[in-house]
Amino acid sequence: MISVERALQLIETSVAALDVVRVSIAEAVGRVVAQDVVSDVDSPPHDKSVMDGYAVIANDVHDGVKLRVVETIVAGDWPRQGIQRGTCAKIMTGAPIPVGADSVVMLESTESLEDDGGSWIRVNSQEPISAGRHMLKRAASLAAGETVFHVGHRIRATDIGLLAEVGASHVDVYRQPSVAVLSTGNELVAAHDIPRRGQIRNSNGPMLAALCRKMGFPVTDLGIVHDHPGELRSKIEMGLEREILLLSGGVSAGILDLVPKTLADLSVQNVFHGVAVKPGKPIWFGVLKKEGKRTLVFGLPGNPVSSLVCFTLFVRAAMARMAGLDPQPHYSWATLAKPHDVRGNRPTYWPGRTVTGLEKWLVEPIEWQGSSDMRALGVADVLIFLNTPPASHAAGEAVPVLRLD
Ligand code: AMP
Ligand code: MG
């Protein structure tokens, strides 16, 4: 049996080079940048006002001064005149600052005077008017040619506005390979069925499909297949058409655990079978290489929490690597809120619920019946990593946790 770290290394070396696709920004959230995004504009593109007011020459202005208004500039206009001593331009937020002006006086600090047939204002400002006030210089936030997102950045909804601003209507991102999910077991019925004697509902299929979709990967759920060699083989063959096949169940040592043999018969090369982790020990991983294409195959243990832990540690790593993200699990640290004993001899992932303490981020281990107990997962928001069982962990001990989503 290999360690989690070794399994992650083997997965990493089994993932082929990443493909790049171009997507529109309407579809870019969650995707990972595959080519640096460079701005084609300065931002702002011109010196601009950030207030509604008057563009002025700062050292021409003091409390009580009268200025002639030479024009009105709104956002989208371009100034037709420069500003000289004794004059100003009425200017709205976002509009370009006219030549000569170097400051903006807020509308609220002025009063308009209609006399001499022209348009005049008086400045009523106790504060001194300084150059650069209430305006932004051209390229103050960004210059044309600057990189705004580097390769490897995962695009958030909040990034879309900047992408649009810099003209990146389409972005090169890593392709997200297609996934098939197949749940094996004579005992399984679908979620909409009433289980008869000896039957249980298929938790893994819908959960694994949801976890893949959450990562943005297109999924085909191939449903349930019985532990029957012929049926299993033909369903697995369908799944091998995809780039990742997730099987659940049938990888342990039981008399109907037919998955490893069926995969071997279909020329899927085993990379590892069995990892020192609890739950999840029987996990099987292999690769089918055919006609220049490859399919990664994960045989996940049937118990749903085992499947979930194996997905979180291993499948996610493979998918992250394919999608251009860091494949390592992302641990945070929390403080055990109460003492916790773990038995066994494998590194253990135990469901936990985090609570915000006064100073610390606390985590409570949840009462849990083991790898078939999904009920506990319903109230958990993390898996607590306990590396060296058997051990007694004291309240106050710092423990790494992995977030569930
Ligand atoms: P297996 O890995 O096939 O030996 O299954 C281990 C345990 O997980 C058995 O108790 C199965 O009934 C259960 N199991 C297998 N597949 C599923 C599934 N898709 N949903 C819920 N439980 C499952
Ligand atoms: Mg089974």
Are any residues in region 219-242 in contact (Cβ under 8 Å) with a residue 40 or more places away in the chain, away from ligand 2 (no atom under 15 Å from the Cβ) and either basic (Lys, Arg) or in contact with a Phe, Trp or Tyr (Cβ under 9 Å, 6 or more places away or on another chain) (or both), and if so, which ones? 242
Members of region 320-336 that are surrounded by fewer than 20 Cβ atoms within 10 Å (Cβ to Cβ) and either among the β-branched types (Val, Ile, Thr) or modelled with pLDDT of 95 or more (or both): 331, 332, 333, 335
Could you tell me how many of the residues in region 154-165 are open to solvent by 30 Å² or more (accessible area, probe 1.4 Å) and either within 14 Å of the chain's Cα centre (by Cα) or closer than 13 Å to residue 34 by Cα (or both)? 5
What single numbered condition from (1) modelled with pLDDT of 95 or more; (2) more than 16 Å from ligand 2 (Cβ to nearest atom) fails to hold for residue 216? (1)
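Do you know which of the residues in region 103-119 that are open to solvent by 50 Å² or more (accessible area, probe 1.4 Å) and in contact with a Ser or Thr (Cβ under 9 Å, 6 or more places away or on another chain) is modelled with the lowest pLDDT? Can you show your working first?
First, the residues of region 103-119 that are open to solvent by 50 Å² or more (accessible area, probe 1.4 Å): 106-108, 111-112, 114-117.
Narrowing the set further to residues that are in contact with a Ser or Thr (Cβ under 9 Å, 6 or more places away or on another chain) leaves 106, 112.
Working: 106: 96, 112: 91.
It comes out as 112.
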How do the strands (runs of 3 or more DSSP E) wholly within region 337-383 filter down when requiring 2 or more residues that are surrounded by fewer than 17 Cβ atoms within 10 Å (Cβ to Cβ) and of a type outside the set (Lys, Arg): which remain? 348-356
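With the condition kept exactly as written, say whether any residue in region 123-134 is under 42 Å from the mean Cα position of the chain (by Cα), open to solvent by 50 Å² or more (accessible area, probe 1.4 Å) and either closer than 22 Å to residue 72 by Cβ or at pLDDT 95 or above (or both).
Keep residues of region 123-134 that are under 42 Å from the mean Cα position of the chain (by Cα), which gives 132-134.
Adding the requirement that they be open to solvent by 50 Å² or more (accessible area, probe 1.4 Å) leaves 133.
If we keep only those that are either closer than 22 Å to residue 72 by Cβ or at pLDDT 95 or above (or both) too, we end up with 133.
The answer is yes, given that some residue of region 123-134 is under 42 Å from the mean Cα position of the chain (by Cα), open to solvent by 50 Å² or more (accessible area, probe 1.4 Å) and either closer than 22 Å to residue 72 by Cβ or at pLDDT 95 or above (or both).
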Looking only at region 385-398, which residues are assigned to a strand (DSSP E or B) and in contact with a Pro (Cβ under 6 Å, 6 or more places away or on another chain)? 385
Assess whether residue 289 counts as being away from ligand 2 (no atom under 16 Å from the Cβ) and touching a Lys or Arg at 6+ places or on another chain (Cβ under 6 Å). no
Restricting region 185-210 to residues that are assigned to a helix (DSSP H, G or I) and hydrophobic (A, V, I, L, M, F, W, C), the residue that is nearest to residue 155 (Cα to Cα): 210
Flag if residue 100 is open to solvent by less than 60 Å² (accessible area, probe 1.4 Å), touching a Leu at 6+ places or on another chain (Cβ under 8 Å), on the phi > 0 side of the Ramachandran plot and in a loop (DSSP other than H, G, I, E, B): no
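Across region 189-202, what is the number of residues that are within 13 Å of ligand 1 (Cβ to nearest atom), under 21 Å from residue 254 (Cα atoms) and open to solvent by 50 Å² or more (accessible area, probe 1.4 Å)?
Of the residues in that region, 4 qualify.
Do we have any residue at all in region 166-188 that's of a type in the set (A, V, I, L, M), exposed (fewer than 13 other Cβ atoms within 10 Å of the Cβ) and within 33 Å of the chain's Cα centre (by Cα)?
Initial filter on region 166-188 (of a type in the set (A, V, I, L, M)): 166, 168, 171, 173, 179-182, 188.
Of the ones still in play, those that are also exposed (fewer than 13 other Cβ atoms within 10 Å of the Cβ) are none.
No, that holds for no residue.
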For residues that are within 16 Å of ligand 2 (Cβ to nearest atom) and in contact (Cβ under 8 Å) with a residue 24 or more places away in the chain, scanning just region 175-189, find the one that is nearest to residue 325 (Cα to Cα). 181
Please find, among 77, 40, the residue that is open to solvent by 40 Å² or more (accessible area, probe 1.4 Å), in contact (Cβ under 8 Å) with a residue 40 or more places away in the chain and part of a loop (DSSP other than H, G, I, E, B). 40
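Looking only at region 342-383, count how many residues are basic (Lys, Arg), free of Cβ contacts under 8 Å to residues at least 40 places away in the same chain and closer than 20 Å to residue 394 by Cα. Quick ask: steps written out before the conclusion?
So the first thing to find is which residues in region 342-383 are basic (Lys, Arg), and the list is 343, 346, 353, 360, 375.
This time we only want the ones that are free of Cβ contacts under 8 Å to residues at least 40 places away in the same chain, so: 353, 360, 375.
Pick out the ones that are also closer than 20 Å to residue 394 by Cα and you get 353, 360.
Number of matching residues: 2.
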I'm trying to understand the selection: among the residues of region 137-153, which are open to solvent by less than 70 Å² (accessible area, probe 1.4 Å) and touching a strand residue (DSSP E or B) at 6+ places or on another chain (Cβ under 6 Å)? 142, 147, 148, 149, 153
Filter region 215-249 for residues that are within 13 Å of ligand 1 (Cβ to nearest atom) and open to solvent by 10 Å² or more (accessible area, probe 1.4 Å) and give the result. 221, 222, 223, 224, 226, 227
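The values are calculated or read from the model by the stated rules, or taken from the named source; none is laboratory data. No experiment lies behind these values; they were computed from the predicted model shown. For neighbour counting, all protein chains shown are included, and Cβ atoms are generated from backbone atoms with ideal geometry for every residue, glycine included. With ligands, DNA and RNA removed, areas are computed over all heavy atoms of the protein, side chains included. Shrake-Rupley method; radii C 1.70, N 1.55, O 1.52, S 1.80 Å.
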